Amino acid sequence: RIPPGVEEGQRIRLKGKGRPSSDGRSAGDLYIVCHVQPHPYYGRQGNDLYLDVPLTIAEATLGTKIEIPTMDGPTRLTIPTGTASGAKLRLRGKGVVDPKTTQRGDMYAVLRIVPPKNLTPQQKSLMEQLQSALAGENPRSDVGW
């Protein structure tokens, strides 16, 4: 049995399951080195999981509720109004089980705003209107360049 939460390169010892000694005494120990394949959506750092969550500009600006996958099944996630790309929302206890303590890590939904690629003329006009309405706002004003 491979315990939950094993990490890349971790060794598991099976006492007495190795080769028998040359003088006929008891068998030695067998060590299994674990290799963990990457998951298609989750990244892992220690016992924490990371999931990139794409959002539209409207979802990030206005806020929304979306469904995301977790190891326990789908869950609803509330995206706050005015969320920036790269923001991390923490889902406590939704990460990987620590094999030593049996406690679970956290899961982080990393929000990524994805702009539309092919705008219709109406959508382009609406975006231009929004740009004009927000003309006084400069997100780089506090950067200091």
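The values are calculated or read from the model by the stated rules, or taken from the named source; none is laboratory data. Keep in mind that this is a model prediction, so the values were computed, not measured. Counting neighbours? That spans all protein chains shown, and the Cβs are built from the backbone with ideal geometry, glycine included. For the accessible areas, the whole protein counts, side chains as well, though only heavy atoms, and no ligand, DNA or RNA atoms are used. Shrake-Rupley method; radii C 1.70, N 1.55, O 1.52, S 1.80 Å.
Amide H contacts of Asn47 (H built 1.01 Å from N, in plane; Pro and chain starts excluded): no residue 5 or more places away or on another chain comes under 5 Å. Peptide packing: for 123-132, 75-84, 100-109, 20-29, the average count of neighbouring Cβ atoms within 10 Å per residue gives the ranking 100-109, 75-84, 123-132, 20-29, highest mean first. Converting phi to 3J(HN,Hα) with the Karplus coefficients 6.51, -1.76 and 1.60 and the offset θ = phi - 60°, region 79-91 yields 9, x, 4, x, 6, 8, 4, x, 5, 10, 9, 8, 10 Hz in sequence order, with x at every glycine or proline. Look at the alpha carbon pairs under 8 Å that are at least 6 residues apart: their mean separation over the length of the chain gives a relative contact order of 20 percent. Amide H to amide H, with H built 1.01 Å from N, Ala87 comes under 5 Å of Leu111, counting only residues 5 or more places away or on other chains. Applying both filters, DSSP loop and at most 14 other Cβ atoms within 10 Å, to the chymotrypsin sites (Phe, Trp or Tyr not before Pro) of region 1-66 gives Tyr41. Legend: distances between Cα atoms for Lys15/Lys94; Lys88/Lys117; Lys17/Lys94; pairs beyond 26 Å are Lys15/Lys94; Lys17/Lys94.
Residues whose amide H comes within less than 5 Å of that of Ile79, counting only those at least five positions distant or on another chain, are Thr64, Lys65, Ile66 (H built at 1.01 Å from N in the peptide plane). Principal-axis analysis of the Cα atoms of the chain puts helix 121-133 at an angle of about 80° to the longest axis. Per residue, the chain exposes an accessible area of 76 Å² to a 1.4 Å probe, with every protein chain left in place. Straight distance only, please: which aspartates and glutamates reach the Cα of Lys100 with their own Cα at less than 16 Å, same-chain residues fewer than 8 apart left out? Output for Lys100: Glu7, Glu8, Asp48. For region 24-145, what % of the accessible area comes from carbon and sulfur atoms, probe 1.4 Å? Carbon and sulfur together cover 53 percent of it.
Sequentially through region 48-62, phi angles give Karplus couplings (6.51, -1.76, 1.60; θ = phi - 60°) of 9, 10, 10, 10, 6, 10, x, 10, 7, 4, 5, 4, 5, 6, 8 Hz, Gly and Pro residues having no value and appearing as x.
For the chain, the mean residue ellipticity at 222 nm estimated from helices alone is -4000 deg cm²/dmol, where every DSSP H run of n ≥ 4 contributes -39500 (n - 2.57) and the total is divided by all residues, rounded to the nearest 500.
Given [x] 10.8; [y] 9.2; [z] 14.7, which label gives mean projected area of the Cα convex hull in nm² as computed from the coordinates? Here mean projected area of the Cα convex hull in nm² agrees with entry [z].
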